[in-house]
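Below is one structure, written out as structure tokens, with a few remarks after it.
The values are calculated or read from the model by the stated rules, or taken from the named source; none is laboratory data. Only a predicted model underlies this, so the values are computations on that prediction, with no experimental measurement involved. Here Cβ is always computed from backbone atoms with ideal geometry, including for glycine, and neighbour counts include all displayed protein chains. Just so you know, the surface numbers come from the protein's heavy atoms only, side chains and all, with ligands and any DNA or RNA stripped out. Shrake-Rupley method; radii C 1.70, N 1.55, O 1.52, S 1.80 Å.
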Amino acid sequence: QVQLVESGGGSVQAGGSLRLSCEVSGSTLTRRCMAWFRQVPGKEREGVAAMQTGGGRTYYSDSVKGRFTISQDNAQNTVFLSMRSLQPEDTAMYYCATRPLCTQALDASKYAYWGQGTQVIVSS
């Protein structure tokens, strides 16, 4: 079974940086879309960033473009989300997800496999 595990969440002051990681296992796909989403209670899940592994393109939401970077450790099937200039509005539970291809990459409804989430808290 496909399993995704996030790590790296925590608390940081506004303006700080944090790097999240997500490792996927149990998948037979050699090329996959891996993505990050975030959600706060009572709000709609928001697509943050995504990438097609194996040299594919990357995708970012307007709210994080220029501040967040998605990258890949191919050997370990791990995707990273490097976050800088963090603001209180970035506070959320961050989830990673995967599916075969990155069409409509930031649409949460297109993903079937999800991690358990990692909490990010940004203090003002």
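Quick rundown of the values:
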| item | result |
| --- | --- |
| Exclusive hit being of a type outside the set (Ser, Thr, Tyr), more than 18 Å from residue 27 (Cα to Cα) and in contact with a Cys (Cβ under 9 Å, 6 or more places away or on another chain), set 57, 84 | 57 |
| Strands (runs of 3 or more DSSP E) (entirely within the range 65-104) containing at least 3 residues that are surrounded by 20 or more Cβ atoms within 10 Å (Cβ to Cβ) | 78-83, 92-99 |
| Set 8, 56, 16, 42: member being at pLDDT below 95 and open to solvent by 10 Å² or more (accessible area, probe 1.4 Å) | 56 |
| Hits in the range 13-45 (condition: of a type in the set (S, T, N, Q) and not in a loop (DSSP other than H, G, I, E, B)) | 13, 21, 25, 39 |
| Residues (open to solvent by less than 50 Å² (accessible area, probe 1.4 Å) and in contact with a Pro (Cβ under 8 Å, 6 or more places away or on another chain)) located in the range 24-39 | 32, 33 |
